[in-house]
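The values are calculated or read from the model by the stated rules, or taken from the named source; none is laboratory data. Owing to the predicted nature of the structure, the values given are computational and were not obtained by experimental measurement. Cβ sites come from the backbone with ideal geometry, for glycine too, and all protein chains shown count toward neighbours.
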Amino acid sequence: MASPTERSNSLQPQLQLWKTLGSIELFSSRWMRLRQDTCELPTKRVVDDYFVMEIPDGAAIAAVTEQDELVLVRQYKHGVDQVVLELPAGIVEPGEEGPAAIARELEEETGYRASSVEYVTTLASKPARLSARTQIYFADKVSQQGTQQENDSEVIQIVLVPLAELPALIQRGEIIVETSLAALLMVWPRLVRS
């Protein structure tokens, strides 16, 4: 019997990319661009109202202190009109490399610094309608060397969670941000301490 991986890989040759026949920009700002695409599907059907939001790529980090605590941030997110608990994260500025971006974001949001960051993976959130990808990083033995640098649109609370308490926190639904949850799944082997 074929493994699940073999079965899913056997489907790939059947999948084809959509062909973009045209695109109209409906809105553009520093933070996002909304476009309406006309696409030809592999079945030759044409869809003339496929909307895609282009937003900048981002980065998030699972940072662990020398005391085996995960550094999280709690802040208000207007899109969901809720205060959320998540990994430190932010936008990768044009011309900026992911490791530099996440080191900057970690220090700006928390005051913590990492001697090095390890790239883990890249995630796509809502890939049917959003263009952005989020690079995920891991850092161990981070230390608070700087000061938090909040801007005028962010008020951030630093939350340190002992790694032993993290599974219960997740099970209680205290982290609802999908990129944070997916990132934690991807770094889980690094969080499990012997």
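A residue that is among the aliphatic types (A, V, I, L, M) and at pLDDT 95 or above cannot be found anywhere in the range 8-15. Residues being assigned to a loop (DSSP other than H, G, I, E, B) and either modelled with pLDDT of 95 or more or under 27 Å from THR20 (Cα atoms) (or both) are entirely absent from the range 98-110.
For every residue, the table says whether it meets (1) in contact (Cβ under 8 Å) with a residue 40 or more places away in the chain; (2) among the acidic types (Asp, Glu); (3) in a loop (DSSP other than H, G, I, E, B).
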residue: TRP31; (1), (2), (3): no, no, yes
residue: THR38; (1), (2), (3): no, no, no
residue: LYS44; (1), (2), (3): no, no, yes
residue: ASP49; (1), (2), (3): no, yes, no
residue: VAL52; (1), (2), (3): yes, no, no
residue: ILE61; (1), (2), (3): yes, no, no
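Count of the range 123-156 residues, restricted to those that are outside any loop (DSSP other than H, G, I, E, B) and touching a helix residue (DSSP H, G or I) at 6+ places or on another chain (Cβ under 9 Å), is 10. Assess whether VAL120 counts as being in contact with a Phe, Trp or Tyr (Cβ under 7 Å, 6 or more places away or on another chain), over 18 Å from ILE158 (Cβ atoms), aliphatic (A, V, I, L, M) and at pLDDT 95 or above. So VAL120 passes the test.
In the range 136-153, is there at least one residue being assigned by TED's automatic domain parsing to the domain that holds VAL71 and within 30 Å of LEU17 (Cβ to Cβ)? Yes - at least one qualifying residue is present in the range 136-153. Restricting attention to the range 141-168 and to residues that are surrounded by 16 or more Cβ atoms within 10 Å (Cβ to Cβ) and within 19 Å of the chain's Cα centre (by Cα), the residue that is modelled with the lowest pLDDT turns out to be ILE156.
Only one of the listed residues (GLY90, GLY111) is under 15 Å from the mean Cα position of the chain (by Cα) and either free of Cβ contacts under 8 Å to residues at least 60 places away in the same chain or buried (at least 17 other Cβ atoms within 10 Å of the Cβ) (or both). That residue is GLY90.
Looking across LEU21, LEU85, one residue alone is at pLDDT 95 or above, loosely packed, with under 14 Cβ neighbours inside 10 Å and part of a strand (DSSP E or B). It is LEU21. Among GLU165, GLU109, GLU174, GLU105, which is the only one that is in the same structural domain as VAL64 (by TED's automatic domain parsing) and within 25 Å of ARG33 (Cβ to Cβ)? So the residue among GLU165, GLU109, GLU174, GLU105 that is in the same structural domain as VAL64 (by TED's automatic domain parsing) and within 25 Å of ARG33 (Cβ to Cβ) is GLU105.
Here GLY90 meets the list (1) in a strand (DSSP E or B); (2) more than 18 Å from ILE156 (Cβ to Cβ) almost entirely, failing just condition (2). Cβ-Cβ distances below 6 Å connect the following pairs, each with a first residue in the range 172-194 that is closer than 19 Å to VAL159 by Cβ, a second residue that is among the aromatic types (Phe, Trp, Tyr), and a separation of six or more residues or different chains: VAL187/PHE138. Exactly one residue out of ALA132, ALA103 is in contact (Cβ under 8 Å) with a residue 12 or more places away in the chain, out of contact with any strand residue (DSSP E or B) (no Cβ under 7 Å at 6 or more places or on another chain), at negative phi and among the small types (Gly, Ala, Ser): that is ALA103.
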